Amino acid sequence: MYFRKKSLEDIPTEDTAIWSCTQEGCIGWMRDNFAFEHVPTCWQCNSPMIRSMKILPMLVNKNTDIKAIKKSIMIG
Ligand SMILES: [Zn+2]
C-alpha cells in the first residue's frame, strides 16, 4: 500500500532577499530576483521599497540552471 507523497507541508523554505514597502500597513513586497539598478517602488502604493528578508518556499532558479548547463557544455 502506498501513501501519497506529502507535498505542501514539505516544501523547503529559505531566507530570501526581498524588497518590502516602507509604507506602514502596506503588504507590498517582491522577491529580489531581479537585478534592480535602483530602489524599486511598491506596485501597490508607489512608495520606495527597502531590502528585507523573508522566509519563502525555495524557488528553483531556472535561468541559473540553464546558464550552468551552458557553461558545462562549453567547458565540455
Ligand atoms: Zn506599498
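Beta carbons closer than 8 Å, at least 6 apart along the sequence or on distinct chains, pair a first residue in segment 44-60 that is under 13 Å from Met30 (Cβ atoms) and in contact (Cβ under 8 Å) with a residue 12 or more places away in the chain with a second that is within 16 Å of the ligand (Cβ to nearest atom) and aromatic (Phe, Trp, Tyr) for Met49/Trp19; Met49/Trp29; Ile50/Trp19; Arg51/Trp19; Ser52/Trp19; Ser52/Trp29; Lys54/Trp29.
Suppose we keep only residues that are of a type in the set (Val, Ile, Thr) and assigned to a strand (DSSP E or B) within segment 37-53. Which one would you say is farthest from the ligand (Cβ to nearest atom)? Checked segment 37-53; the qualifying residue farthest from the ligand (Cβ to nearest atom) is Ile50.
Coordinate-derived values only; no laboratory data. Note that the structure is predicted; figures quoted are calculated from it, not measured. Every residue, glycine as well, gets a Cβ built from its backbone with ideal geometry; the counts of neighbours run over all protein chains shown.
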